[in-house]
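*Asks:* Here you go, one structure.
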Amino acid sequence: MDLRLLIVSGLLVALGVSAFLIFQVEPNTQQADTRIEVAEAPLFERLGGAPAIAAVVETFANRLFDDPELEPFFGSLNETRQQRFIDLNIDFICQATGGPCVYTGRSMFDAHRGMGTSNDVFDVVFNHLVTVLNDFDVPRPLQRELLLLVESTRSDIVEE
């Protein structure tokens, strides 16, 4: 076989393979781009924004205030301090989920230092949040994202 014919044949095969790969990859790339656009929406927006977060946090906080097991932590809060707790938690969740709020409270470590919070107490609070998210019909994937954020604070809150 002539060397030029061999080179041309090789180039044609390479072009054919390249074209095949381009057409195979391009639709997947478009799908990936669509998924990226959806995933890029901040959790804040996917949860329903400030009104939805405020409703969940208020309901969650009231469950904490009413739980006899959590009396040592929340029983001494008067109405003004309860509202401050709610407002700070709304801002914390809003900011942590990519919203426009600015959390102005102390760090989780400083805010909980000296409270003697155990893993069991953290779990009780965490389970109240799960219950409230279920009551508000928050989709499971969004719950998982939010609960991972909350779980990431465990080491700053628990003093065991």
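*Asks:* Using the Cβ atoms and a cut-off under 15 Å, what net charge is assigned to the surroundings of Ile157, where Lys and Arg are +1 and Asp and Glu are -1?
*Replies:* Net charge around Ile157: -4.
*Asks:* Related question: Neighbouring Cβ atoms within 10 Å as the yardstick, rank Ile157, Ile53 fewest first.
*Replies:* Exposure proxy ranking, most exposed first: Ile157, Ile53.
*Asks:* Computed on alpha carbon atoms, what radius of gyration and Dmax characterise the range 43-157, expressed in Å?
*Replies:* For the range 43-157, the Cα-based Rg and Dmax read 13.4, 35 Å.
*Asks:* What order do you get for 130-140, 89-99 when each peptide is scored by the mean count of other beta carbon atoms within 10 Å, highest first?
*Replies:* Sorting 130-140, 89-99 by mean packing, highest first, produces 89-99, 130-140.
Here, each number is a calculation from the coordinates, and none is a lab measurement. Treat the numbers as computed from the prediction; the structure is a model and nothing was measured. No Cβ is skipped: glycine too gets one built from the backbone with ideal geometry, and neighbour counts run over all protein chains shown.
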